[in-house]
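Here is the structure we will look at.
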Amino acid sequence: LRSWFAAGDDVNALLPVLQAYMGHSSIGDTAYYLRLTAESYPQIAARVQREYGGIVPPATGGPADGD
């Protein structure tokens, strides 16, 4: 994700690639890792939230139910 953002790549097009690479059946499963990324790279989290807020829930202070 960090390199995609740095390169200015279309992350909207690449999130399904990440989802498939990780073997997830839904983007919701991949969102867990996006929350982890939010802790380390807040600038990426802010951009994801701006661009994909309806798809990826905002990061919270702790794990979500079921995590």
Heavy atoms only, probe 1.4 Å: what % of the accessible area of the stretch 1-53 goes to carbon and sulfur, would you let me know?
-> 52 percent
Fully extended contour minus Cα-Cα distance, from residue 43 to residue 9, at 0.36 nm per residue = 10.7 nm
PRE reach from residue 50 (point 7 Å along Cα→Cβ): which of the stretch 1-33 fall under 20 Å by backbone N?
-> 1-15
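Which value, in Å², gives the accessible area per residue of the stretch 1-53 when a 1.4 Å probe is used on the protein heavy atoms?
62 Å²
The values are calculated or read from the model by the stated rules, or taken from the named source; none is laboratory data. Everything quoted here is computed from the prediction, not taken from an experiment. With ideal geometry, Cβ positions are generated from the backbone for all residues, glycine too; neighbour counts draw on all protein chains shown. Ligands, DNA and RNA are excluded from the accessible area calculation, which covers all protein heavy atoms including side chains. Shrake-Rupley method; radii C 1.70, N 1.55, O 1.52, S 1.80 Å.
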